[in-house]
Structure formats: C-alpha cells, structure tokens
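Engineer: Sharing a structure here in structure tokens format.
Just so it is clear, none of the values below were taken in a lab; they were calculated from the coordinates. Values in this document were obtained by computation on a predicted structure and should not be read as measured data. Virtual Cβ from ideal backbone geometry, glycine too; neighbours counted across all protein chains shown.
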Amino acid sequence: MESPNFVIINIDDLGYADIGPFGSTLNRTPNLDRMAKEGRRLTSHYAAPFCSPSRAALMTACYPKRVLPIPSVLFPAASLGLNLQEVTIAEVLKSKNYATACIGKWHLGDQPEFLPTVQGFDFYYGIPYSNDMGTAEQGSKSNLGDPLPRQNPDAEKKKTTPNAIDPTGLKGNSQPPLPLLKNNKLLENVGAAEQQTITQRYTEEAVRFLQQHKDEKFFLYLPHTAVHFPLYPGKDFHRQSANGLIGDWIEEVDWSVGRVLDTLRELKLEENTLVIFTSDNGGTPRSVNRPLRGFKGSTWEGGMRVPTIAWWPGRIPAGTSTDAITGMIDFLPTFASLAGADLPSNRIDGANIWPVMSGTAEAESPHKVFYYFRGLKLEAVRQGPWKLHLAIVEPGNAKGGRKGGKQPGAKSGPVEQLYNLDDDLSESANVAEQHPEIVAQLVALAAEMDSDLGTEKIGPGCRPPGSVENAASIINSDGTVRQEFR
C-alpha cells in the first residue's frame with residue numbers, strides 16, 4: 001500500500017451531539033454528514049478534559065500526564081511547554097519526507113522554544129493558545145456583539161512577572177494582547193474584528209498548503225480556534241443558524257471541513273488521504289453532549305468522549321461506525337504504521353488503530369484498559385464496558401480501608417461509582433454494589449497506574465515538560481513586540 005497523506009481537523013470544545021453525524025438536530029452540518037456517510041464514525045474516541053493535555057496526547061501518543069504533567073492548561077508567557085525531547089507525530093512523518101503544517105491553535109507552549117516550527121512542522125499559522133487568553137478591551141473575554149470594556153487605567157499595575165507567579169503562565173486580566181503568528185513572526189494583534197475572520201483564514205491557509213504540496217506526501221494539522229469561547233462566527237454565518245452564536249460557528253466549521261474535503265477531491269487526492277475530524281475535549285454547557293453525562297473539564301464521558309470521523313474513500317468502509325475504544329494517543333502510531341515510519345524510542349501509550357478504522361473483521365480496540373486523568377489526578381478507569389469513577393479520600397475517611405470506604409465512627413464520604421457503558425452511556429445508574437468483584441478489579445488496575453504515572457502525584461513514569469527561563473509575552477501590554485517575534 002502506498003503511504004497516504006494525512007489531515008487532522010481538530011475542533012475546540014465541540015460537544016458530542018453538536019454535529020449531525022452524532023445526533024444534532026439544531027446545527028446544519030451537511031459536509032460532516034457527507035463525511036460520515038463516506039467514512040466511519042469512532043463513537044468511543046477519547047481526548048482529555050482540557051485543551052493542552054489533549055493536544056499533548058495527540059502529538060506524542062502518550063497519556064498527557066506522561067509528557068505534560070501540569071494541573072490543567074498552559075497560558076500566555078508560560079515557562080513550560082512540550083519538551084523538545086518528545087517526538088511528535090510531525091517529526092515521525094518528517095522522517096519519511098512528509099511536508100508538515102500546523103494551522104490554528106497550538107497550545108503546547110508559546111515561547112520560541114516550544115512552537116510548532118521546532119516540533120516537526122515546516123509551517124505554522126495561528127493563535128498559539130485559546131482565543132480567550134487576550135485582553136477584555138480587545139474582545140477576548142466576550143462574545144461577538146457584546147460591548148467591549150474601556151481600557152482599565154490600572155491594568156498595568158496588575159501585570160505580573162510570569163515566572164514569579166505560575167510557570168503555566170498569565171491568567172485572567174493579566175493576560176497580554178492576543179497574537180496571530182506566521183511561523184515565529186507576529187502577523188497581527190487579534191481583536192474582535194480579527195477573531196471573526198479566523199476560521200476563514202485558517203481554512204484559506206489550509207487549502208493553500210494542500211495545493212502547494214499536492215505532488216508530495218503531506219501532513220496537515222488543522223486545530224481550529226472555533227468553537228471555544230468567545231464565540232466569533234464569520235460574517236457569512238452570523239445569525240444564519242437556528243442555534244445562536246454557537247450554532248453559527250459550528251456551521252462555519254462544517255463549511256471549513258467541506259472546503260478541505262472538496263480541495264482534496266479537486267486535486268484528485270481523496271483516494272490517498274486519510275482525514276480525521278475530532279474535538280480536543282467535550283463540549284461546554286453551551287454545547288449539546290447528549291446522551292453523555294458532564295462537560296469539558298470532567299472525566300465523565302461528556303468531558304472526554306468526542307465526536308470523531310475517519311475518512312479515506314476506498315479504504316475506510318463508508319457509512320459505518322465502531323464503538324471500539326480509541327483515543328488521541330492512537331493517531332501517531334497509526335500514521336507511523338501507514339507511512340512505514342519508526343515509532344519514538346520513548347515509551348508511548350497509544351497503539352495502531354488502523355484495523356479499527358478500516359473495519360478489519362470488526363477489529364477490537366487494542367486498549368484493554370483506558371485511564372481517565374484530569375490534570376495530575378486519575379479519576380476513572382475503564383475496562384471493556386465497565387467504567388469506575390474512583391473514590392476520593394475526605395477528612396474522616398482517611399484511616400484504613402480502601403479510598404472512600406466507610407470506617408466505624410467516620411463521616412460518610414464518596415464511594416466508587418461503577419457504570420456499564422454498554423447499557424448506560426449516560427452514567428446514570430451506579431451499579432458498584434451489585435458488582436463488587438468488578439470494582440475490586442478496576443481498583444487494582446488504578447493501583448497499578450500509581451507505580452507508573454501516579455494517581456495523584458507525579459509518578460516515576462512522568463517525563464519533565466520543557467522549561468525555559470525568563471518567559472515573556474509575545475506582545476507586551478504597551479503594544480510592543482518581543483524581539484524574537486518581530
């Protein structure tokens with residue numbers, strides 16, 4: 001088999017049922033509907049509860065805690081980022097002479113030492129983190145159409161030195177203006193007007209990359225800023241949906257997917273290109289996650305199970321779906337196998353899921369166990385249909401017995417919660433008391449992970465993130481630009 005091209009379209013904060021192929025009746029997604037009819041839905045595909053960990057998993061084929069052990073996400077001017085010693089999916093494909101591009105939200109470090117161009121990508125165009133990580137005065141803290149606050153004369157007094165406060169970067173009102181980069185150079189300061197054009201511009205850059213590299217092997221990673229808060233659908237889509245701003249932006253995302261797939265068809269590359277559509281985590285409460293419980297930021301299914309479609313006409317069976325467990329950690333080893341590339345020498349957690357994607361004899365998932373981390377904490381374990389939410393030790397419950405066990409004279413505290421996802425996808429009926437042997441089995445699997453990544457603290461299997469001294473903003477609060485980005 002000839003090595004294919006690869007495209008990953010990664011949406012930000014898309015809910016499980018925000019698109020037609022996964023049950024939306026609110027949002028019109030004709031291009032994704034067609035993609036699913038021509039491809040295969042991965043209905044049990046896992047990301048992470050937050051942005052940066054999910055992207056670390058996609059890039060490295062590792063549980064996020066193994067390669068980026070941080071409590072949640074990275075912010076502007078973070079001194080931490082994805083370590084250069086980690087081998088990314090782009091670097092794996094570069095070893096086979098693929099042209100590589102990252103167009104969109106990176107979110108694995110905004111210092112020059114962490115950007116995509118030093119992590120295997122030939123080309124980068126995008127906002128290096130979330131679109132809410134800018135200033136309120138320029139629209140980063142409010143949706144399209146909301147009134148913008150005036151410049152706060154005391155804003156500069158609230159600025160802090162990044163490393164003096166938090167190595168994960170600047171938060172809230174201390175955040176600098178939002179930058180748009182091309183490779184390592186600043187193109188513009190992104191305000192409200194620019195936010196409204198960002199999906200279109202990402203799409204135009206993606207199409208341009210495909211056209212420029214049609215005669216060679218390529219890997220396009222297209223992580224959209226949409227549909228993360230603040231919501232900024234383009235002018236052609238604003239007020240066009242029946243679902244407000246979130247629906248407008250989802251329908252613009254669908255248009256973007258259509259442009260990418262149509263370009264592949266026009267270039268006659270569709271029969272040699274594997275395209276993945278997915279989301280970096282579950283939707284927020286503004287999205288629809290039915291029938292899943294919970295939202296972004298949680299280890300309920302609604303926080304980590306994301307709508308995913310694999311498309312490769314002639315190679316992936318059309319109009320099919322699979323409930324086999326897959327995840328962001330699986331893209332690197334799958335692409336490496338299809339491209340004939342070597343896997344990283346560092347330990348990885350993902351596996352080749354091409355048999356699952358291609359429907360080979362209804363192939364089973366290579367993941368006999370899947371672990372649900374929220375930051376540094378292991379909160380749940382899945383084996384087959386069984387998912388156990390681990391109990392939490394609280395004051396009064398800490399002496400003796402298993403975590404969450406009730407002790408004589410102690411206050412009642414949390415206990416393990418067991419769900420059969422085949423029968424109860426919404427995680428509504430705790431059946432732990434009926435299946436104590438399953439609970440014990442999954443608790444033992446969690447205990448095994450404690451000796452690797454750790455269940456609460458950083459374990460011996462965690463590798464250090466990259467770290468730099470004197471981290472600084474790309475754009476300063478006075479509008480000047482850091483020397484490296486001029």
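Engineer: What number comes out for the charge environment of Gly340, summing +1 per Lys or Arg and -1 per Asp or Glu over other residues with Cβ under 12 Å away?
Structural biologist: Net of charged neighbours comes to 0.
Engineer: Full extension from Asp132 to Lys268: what is 0.36 nm times the residue separation minus their Cα-Cα distance, to one decimal in nm?
Structural biologist: On the way: separation 136, 0.36 × 136 = 48.96 nm, distance 3.81 nm.
Result: 45.2 nm gained on full extension.
Engineer: May I pose another question? Sketch the reach of a paramagnetic label on Lys185 as a point 7 Å from Cα along Cα-to-Cβ, and name the residues of the stretch 89-131 whose backbone nitrogen lies under 16 Å away.
Structural biologist: 117, 123-126
Engineer: Quick check on my link table: of Lys296/Lys377; Lys214/Lys235; Lys65/Lys368; Lys217/Lys268, which ones sit more than 21 Å apart, alpha carbon to alpha carbon?
Structural biologist: The pairs that break the limit, which is 21 Å between Cα atoms, are Lys214/Lys235.
Engineer: Something else about it: Can you give me the relative contact order of the stretch 5-368 as a percent, contacts being Cα pairs under 8 Å and 6 or more apart?
Structural biologist: 32 percent
Engineer: Grab the other residues whose beta carbon is less than 13 angstrom from that of His435, score K and R as +1, D and E as -1, and report the net.
Structural biologist: Once positives and negatives cancel, what remains is -4.
Engineer: Antiparallel DSSP bridges in the chain: what percent, to the nearest 5? Display every interim value, and only then the final one.
Structural biologist: Working: 29 of 53 bridges.
The antiparallel fraction comes to roughly 55 percent.
Engineer: Arrange Ile250, Ile348 by Cβ neighbour counts within 10 Å, fewest through most, would you?
Structural biologist: Going from sparsest to densest Cβ surroundings: Ile348, Ile250.
Engineer: Find, among the GluC sites (Glu not before Pro) in the stretch 210-319, those assigned to loop by DSSP (not H, G, I, E, B) with at most 11 other beta-carbon atoms within 10 angstrom.
Structural biologist: Glu216
Engineer: In whole Å, how far is the Cα centre of the stretch 60-106 from that of the stretch 227-298?
Structural biologist: Centre-to-centre (Cα) distance: 23 Å.
Engineer: Quick check: convex hull of the Cα atoms in the stretch 205-338, volume per residue, rounded to a whole Å³? All intermediate terms of the calculation are to be shown ahead of the outcome.
Structural biologist: Details: hull volume 18.6 nm³, N = 134.
For the stretch 205-338, the hull spanned by Cα atoms encloses 138 Å³ per residue.
Engineer: Would you mind ranking Glu469, Glu205 by Cβ crowding within 10 Å, fewest neighbours first? Could you put the intermediate results ahead of the total?
Structural biologist: Numbers: Glu469 6, Glu205 20.
Fewest to most other Cβ atoms nearby, the residues stand as Glu469, Glu205.
Engineer: Compute the FRET efficiency between Leu445 and Gln211 as 1/(1 + (r/R0)^6), taking r as their Cβ-Cβ distance and R0 = 56 Å, and round to the nearest 0.05.
Structural biologist: Numbers: r = 48 Å, r/R0 = 0.86.
Efficiency, from the Cβ-Cβ distance: 0.70.
Engineer: Also, quick follow-up: Give the residues of the stretch 453-469 whose amide nitrogen is closer than 19 Å to a point set 7 Å from the Cα of Leu84 in the direction of its Cβ.
Structural biologist: Under cut-off, by backbone N: 463-469.
Engineer: Now, a different point. Given the DSSP H assignment, sum -39500 (n - 2.57) over each helix run of at least 4 residues in the chain and divide by its residue total; what's the result at 222 nm in deg cm²/dmol, nearest 500? Numbers along the way, then the final one.
Structural biologist: Working: 13 runs with 112 residues, N = 486.
For the chain, the value works out to -6500 deg cm²/dmol.
Engineer: Follow-up question, since we're still on this one. Length gain on complete extension for the stretch Lys96 to Asn476, per 0.36 nm per residue less the alpha carbon to alpha carbon distance? Can you show the working numbers first?
Structural biologist: Values: separation 380, 0.36 × 380 = 136.80 nm, distance 3.95 nm.
Between Lys96 and Asn476, full extension yields 132.9 nm more.
Engineer: Still on this structure, I have one more. Which residues does the label zone of Ala318 cover in the stretch 1-28, counting backbone N under 17 Å from a point 7 Å along Cα→Cβ?
Structural biologist: none
Engineer: With charges only on Cβ, +1 for K and R and -1 for D and E, what is the dipole size of the stretch 5-368 about its Cα centre, in debye, rounded to 20?
Structural biologist: 340 debye
Engineer: Let me know the Kirkwood hydrodynamic radius for the chain, please, with Cα pairs as the basis and the value in Å to one decimal.
Structural biologist: Result for the chain stands at 23.0 Å.
Engineer: Below 10 angstrom from the Cβ of Leu178, what's the summed charge of the other residues (Lys, Arg +1; Asp, Glu -1)? Let's see the in-between values first.
Structural biologist: Working: positive: none; negative: Asp132, Glu188, Glu194.
Once all neighbours under 10 Å are counted, the net charge is -3.
Engineer: Which whole-percent values make up P(r) of the stretch 1-148 when all C-alpha to C-alpha distances are grouped in 10 Å steps starting at zero?
Structural biologist: 10, 32, 34, 21, 3, 0
Engineer: Which of Ser241, Ser337 has the fewest other C-beta atoms within 10 Å, and how do the rest follow up to the most?
Structural biologist: Ser337, Ser241
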